[in-house]
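What follows is calculated from the coordinates using simple rules that are stated; it is not laboratory data. These numbers were taken from a predicted model, which means no experiment stands behind them. Cβ placement follows ideal geometry from the backbone for every residue including glycine, while neighbour counts extend to all protein chains displayed.
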Amino acid sequence: ETRVRLVLALAELQLRVGRREEAEAHFNQLISDASAPAVMALCQLSRKRMEEGQAEPARALLDTAVEYAQVLGLSHLSSLVNMRLGDWCLKQGQIEEALSLLNQAAVLAEAIGDRELLIDAHRYLGVAHWTLGDLEQAAERYGIALEWSRSLGRRKSEASLCVGLAIVEDNRGHSEQACHEFEQALRLYESLGDRLEIQFVLVNWGVALE
C-alpha cells in the first residue's frame, strides 16, 4: 500500500511539472485493481483525456472509478468521483445530470467534513446553475465555495471564485457587489504575483463596467 501511494504521488508530481507521458505510465500501473489510489489515478487519467479532447475515453475511466468506489465503500472517494462525473457532464452540456451528481458530491463531502471537496463541488454547482440561468443559486454556490476557500487560506482558489462570483453578480445587475469581488480578486492575484490572472481580472472588470 505504501508503494502504491508513492507511485501515485510521483505520477501527480510528474503531471504538475509537465512530464505527462511518465505520469500516465505510472497512473496505468495503479488502475488494475480496486483501491483508493486506483480511483485517484483513474480520475487523473480522465482529466488528462478531457484535456486531450477525448470525452468518451474520459467517461469510461470515470465509470471504472465509480465501480471501484462502490466496491471500496469510502465516502470521500464517492464524493470525488461524483464531482468528476459532474464536471464531465457539465462539459458535455448534460446540466441536469451534472446537478444531480454534484449535489450528491456536496452532501457526501459535507457529511465527512472534507472542505477541499466542498469547495470544488460548490464551485461546479455554481457553474451549473449559471449555465441554467439561475443566477441567484449560482451566486449562493460560489459564495459557499468562497467562504470555505477563505477558511482554508487557499488564496488562488479564493481569487478564482471571486472572479466567478463577480461575473454572476454583474449579470444579476449588482454592479457594486461585482466591483467589490473583482477588487478582491485583483488584490489576491497581485499578492500572488500572477500577472496573467491580473490581466484576466482587469479584462472582465472592464467588460462589466461597459
Segment 165-210 and segment 128-163 have their Cα centres apart by a whole-number Å value of 13 Å
Taking Cα atoms, how many degrees apart are the long axis of helix 36-51 and the longest axis of the chain, rounded to 10 and kept between 0 and 90? 60 degrees
Tally Lys and Arg at +1 and Asp and Glu at -1 over the other residues with C-beta under 12 Å from the C-beta of Asp63: what net charge comes out? 0
Nearest 10 degrees is fine. How inclined is helix 155-171 to the longest principal axis of the chain, computing both from alpha carbons? 50 degrees
Grab the Cα-Cα distance for Ala60 and Asp194, subtract it from 0.36 nm times how many residues apart they are, and report the gain in nm with one decimal. 44.7 nm
Order by protection proxy (mean Cβ within 10 Å, highest first), peptides 103-115, 196-208, 72-84: 72-84, 103-115, 196-208
Counting only other residues whose beta carbon sits under 9 Å from that of Leu192, what net charge do I get with K and R as +1, D and E as -1? -1
Helix 2-16 versus the longest principal axis of the chain: what angle, 0 to 90°, nearest 10, using Cα atoms? 40 degrees
Quote the relative contact order of segment 13-155 in percent (integer), defining contacts as alpha-carbon pairs under 8 Å separated by 6+ residues. 14 percent
Gain upon complete extension [Arg115, Asn103; 0.36 nm per residue less C-alpha separation]: 2.9 nm
A chain fully extended from Glu210 to Leu6 at 0.36 nm per residue, minus the present Cα-Cα distance, gains in nm 68.3 nm
Just from its helices, what would the mean residue ellipticity at 222 nm be for the chain, if runs of 4 or more DSSP H residues each count -39500 (n - 2.57) and the sum is divided by every residue, rounded to the nearest 500 deg cm²/dmol? -28500 deg cm²/dmol
Explain nothing, just compute: Karplus ³J(HN,Hα) = 6.51 cos²θ - 1.76 cosθ + 1.60, θ = phi - 60°, for every residue of segment 20-32 in order, whole Hz, x for Gly and Pro. 5, 5, 5, 4, 4, 4, 6, 4, 5, 5, 9, 9, 7
